[in-house]
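S.K.: One structure follows; several queries about it will come next.
The values are calculated or read from the model by the stated rules, or taken from the named source; none is laboratory data. Quantities reported herein were computed from a predicted structural model and do not represent experimental measurements. Ideal geometry is used to build each Cβ from the backbone, glycine not excepted, and the neighbour counts take in all protein chains shown.
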Amino acid sequence: MRRFAILLFAFLSLSASAQEQPKSHDDWRFAHPDATLVGSIKLSSLFDSPVLAAILRNEPNAAMSMAIARGEFGGVKEIRFSLQQMGTGDPDVLALIQGHLNDQTLSAMVEGKAKMHRLADDLLLLGNSSTVDDAARRMMQPEATLKSRAIAATDALSASDVWIAGQLPPLPPDLGLAGLKPAGIKLDVRAIAMGLSLGDDIDFQLSMETASPAMAAELVRSIHEAEDQQPAQYKGKLLSSVEGSTARFHSHVPRQEALDAIRMSLKTTSAEALPPPTAVKPRRITIQGLDEGPREVPFQSTTPAVPQSNPGRNPAAPNQ
């Protein structure tokens, strides 16, 4: 009986350990403990996206870039990354790559500043030398109970094909966000969470924590004003709400509706890109050597008449 109890306790202990051990696709132990921004890119989902394929059919340059990316990262399922802002300098970046990289791409990464640490056959850590070593040690330890704010937001976004969560690093002033800033209000975004899926349907969600409830409300109003300037097929697709100082946006568009809107937009863009018809100027001939001086007359193109042959008569024979 005592032996059975010991075996049962051991089995339950192993089962509990297995449940506590996070699954590989939910594992964020590699990330900086105080990560500023985390995110994920599911490359396999993007490569197989029907919506993205429809766009690329009419964008040869983007299609070529996608073909190159598929050649280099076609064996990669997902790339997770963690950024830690280091004062005013560039942030420190860690990446966890799930899948397989071809030898040429991997060699190019290792020859640069990145250091590689292979955790498994299909799991690779990339980053700076010291931070990669720290991340590898964290991967050998149990998951921390206390998580950074950025990592805590990953659960709600994990189903997205592309997503980020946390604090944005300092952005350059020429990034093109001026149109989103409400007039008279300085846009101060404290945190952001954004997810985008391009599978059967298009699903987009965005949460922006601002400095005040008034700023969040003005941000919502400003973005809807920008939406009103878009083509008709894109209007009314964006839902929004304000919760305290946080502005939230969500849009879900069925696949076929999205494809129809994209095709219509591409047709409109192509029509606008065509140059306006050029007026044909009448051709004129200048006659020189006249007593009254040179004179221009309209040029009239005439087609020489084809002589009609008389049946029974040789056209080359002289007239009788």
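S.K.: Search segment 41-55 for residues that are touching a residue at least 40 places away in the same chain (Cβ under 8 Å) and more than 18 Å from I97 (Cβ to Cβ) and pair each with any residue that is aliphatic (A, V, I, L, M) and assigned to a helix (DSSP H, G or I) when their beta-carbon atoms are under 7 Å apart and the residues are at least 6 apart or on different chains.
M.R.: Taking only residues 6 or more apart or on different chains, the pairs are V51/A258; V51/L259; L52/L46; A54/L259; A54/I262; I55/I262.
S.K.: Then there's this: Condition first: β-branched (V, I, T), over 21 Å from D200 (Cβ atoms) and not in a helix (DSSP H, G or I). Now tell me which residues in segment 32-77 satisfy that. It would help to see each step written out before you state the result.
M.R.: Step one: of segment 32-77, the residues β-branched (V, I, T) are 36, 38, 41, 51, 55, 68, 76.
This time we only want the ones that are over 21 Å from D200 (Cβ atoms), so: 36, 38, 68, 76.
T36, V38, V76 - these are the residues of segment 32-77 that are β-branched (V, I, T), over 21 Å from D200 (Cβ atoms) and not in a helix (DSSP H, G or I).
A quick yes/no check of all residues on (1) at pLDDT 90 or above; (2) touching an Asp or Glu at 6+ places or on another chain (Cβ under 8 Å); (3) surrounded by 11 or more Cβ atoms within 10 Å (Cβ to Cβ); (4) hydroxyl-bearing (S, T, Y):
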{"position": "A18", "(1), (2), (3), (4)": "no, no, no, no"}
{"position": "D26", "(1), (2), (3), (4)": "no, no, no, no"}
{"position": "L43", "(1), (2), (3), (4)": "yes, yes, yes, no"}
{"position": "R70", "(1), (2), (3), (4)": "no, no, yes, no"}
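S.K.: Here are some residues: A63, A120. Which one is of a type in the set (G, A, S) and surrounded by 13 or more Cβ atoms within 10 Å (Cβ to Cβ)?
M.R.: Numbers: A120 fails: surrounded by 13 or more Cβ atoms within 10 Å (Cβ to Cβ).
None of the others qualify; the one that does is A63.
S.K.: If L83 satisfies all but one of (1) part of a helix (DSSP H, G or I); (2) of a type outside the set (K, R); (3) in contact with a strand residue (DSSP E or B) (Cβ under 7 Å, 6 or more places away or on another chain), what's the number of the condition it fails?
M.R.: With respect to (1) part of a helix (DSSP H, G or I); (2) of a type outside the set (K, R); (3) in contact with a strand residue (DSSP E or B) (Cβ under 7 Å, 6 or more places away or on another chain), L83 is out only on (1).
S.K.: Okay, moving on. Within the set of pairs 6+ apart or on separate chains, which have a first residue in segment 200-216 that is closer than 11 Å to V242 by Cα, a second that is crowded, with 20+ Cβ neighbours inside 10 Å and among the polar types (S, T, N, Q), and C-beta atoms under 7 Å apart?
M.R.: Partner pairs satisfying both residue conditions: A216/T210.
Let's see how each residue does on (1) of a type in the set (K, R); (2) modelled with pLDDT of 90 or more; (3) surrounded by 13 or more Cβ atoms within 10 Å (Cβ to Cβ):
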site: A217; (1), (2), (3): no, yes, yes
site: H224; (1), (2), (3): no, no, yes
site: G236; (1), (2), (3): no, no, no
site: V242; (1), (2), (3): no, yes, yes
site: A247; (1), (2), (3): no, yes, yes
